[in-house]
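Heads up: the structure comes next, in structure tokens.
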Amino acid sequence: MPCYNELDTISEVVDSVLASAYVSELIIVDDGSTDGTRDLLATLDDPRINLVLHEQNQGKGAALRTGFAIAGSPFVIVQDADLEYDPSEYHLMLEPLLQGRADVVYGSRFISNRPHRVLFFWHSVGNRILTTLSNMTTNLNLTDMETCYKACRLEVIRSFELKESRFGIEPEMTAKFAAGGWRIYEVGISYHGRSYEEGKKIGWRDGFSALRCILKYSRVRGRPNEVGNDD
């Protein structure tokens, strides 16, 4: 769980994650919060929580790299520290993995009849454009490349080196999953998006960064252990 200045939501999200019967370990990487989030995190008392503090804000990608490096459970799920994604749907994400049919699972906000908060039109357009461009370079047919909810077997995420420190981590992961030939599934999930007034952080600059990373990692080739040596 990457976390940056989420004082208003972090307690509820942590409680929801720990309430899941599928969770044996919750790695929270506080990425330099300055709003009191890390003080609150320091008060949490559950043996399943592993709290890591970045002294300076480095970005979501950097927080994910830190978390993936110390994870010990056989499966990992990315969970944002806000209330946009629902931990009660972990069973949807894990089912293809537990059945041995998938190595990687994406939770799509666009193939589900589950509740969706209606928000930003241009965000949805930008997401679909980025997903299409990513699909063109990876030869996948994803509907939601930018989704937070990505789950995979631990050995998969350990099979390559991640380099992006910010939101470019999403197309980078996708390109390297595809290059490794891993079995990728999508499942429909709900989405409770928030406004900028409520703390949403991603903006148009992140969209251009994602585009840059789609192009950058379009040349990634190779089976797992080779992926990541693309610079």
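Observations on the structure shown:
- Residues in segment 120-142 that are under 15 Å from R205 (Cα atoms) and either buried (at least 19 other Cβ atoms within 10 Å of the Cβ) or touching a helix residue (DSSP H, G or I) at 6+ places or on another chain (Cβ under 7 Å) (or both): G126, N127, L130.
- Residue that is farthest from L142 (Cα to Cα), among those in segment 208-231 that are of a type in the set (G, A, S) and modelled with pLDDT of 70 or more: S209
- Selection from segment 63-78 of residues that are within 12 Å of the chain's Cα centre (by Cα) and in a helix (DSSP H, G or I): A63, L64, R65, G67, F68
- The lone criterion from (1) at pLDDT 95 or above; (2) assigned to a helix (DSSP H, G or I); (3) surrounded by fewer than 21 Cβ atoms within 10 Å (Cβ to Cβ) left unmet by P171 is number (3).
- Among the residues of segment 37-61, those that are assigned to a loop (DSSP other than H, G, I, E, B) and over 22 Å from R166 (Cα atoms) comprise A42, T43, L44, D45, D46, P47, R48.
- Considering the conditions (1) under 20 Å from I27 (Cα atoms); (2) surrounded by 13 or more Cβ atoms within 10 Å (Cβ to Cβ), I70 is excluded by exactly one of them, (2).
- Qualifying positions in segment 1-21 - closer than 30 Å to L98 by Cβ and surrounded by 15 or more Cβ atoms within 10 Å (Cβ to Cβ): M1, P2, C3, E6, T9, I10, S11, V13, V14, S16, V17, S20
- Condition check for Y196: surrounded by fewer than 19 Cβ atoms within 10 Å (Cβ to Cβ), out of contact with any Cys (no Cβ under 8 Å at 6 or more places or on another chain), at pLDDT 80 or above and not in a helix (DSSP H, G or I): no
- Any chance N135 is in a helix (DSSP H, G or I) and over 23 Å from V29 (Cα atoms): yes
- Of all residues in segment 79-117, those satisfying the criterion of being assigned to a loop (DSSP other than H, G, I, E, B) and farther than 14 Å from I189 by Cα are D80, A81, D82, Q99, G100, R101, A102, D103.
- Test for K60: is it farther than 18 Å from E25 by Cα, buried (at least 19 other Cβ atoms within 10 Å of the Cβ) and among the basic types (K, R): yes
- Among the residues making up segment 148-165, those that are surrounded by fewer than 22 Cβ atoms within 10 Å (Cβ to Cβ) and in a loop (DSSP other than H, G, I, E, B) are C148, R158, S159, E161, L162, K163, S165.
The values are calculated or read from the model by the stated rules, or taken from the named source; none is laboratory data. On a predicted model such as this, the values are computed, not experimentally measured, just so you know. Cβ coordinates were reconstructed from backbone atoms using ideal geometry, including for glycine residues, and neighbour counts include every protein chain displayed.
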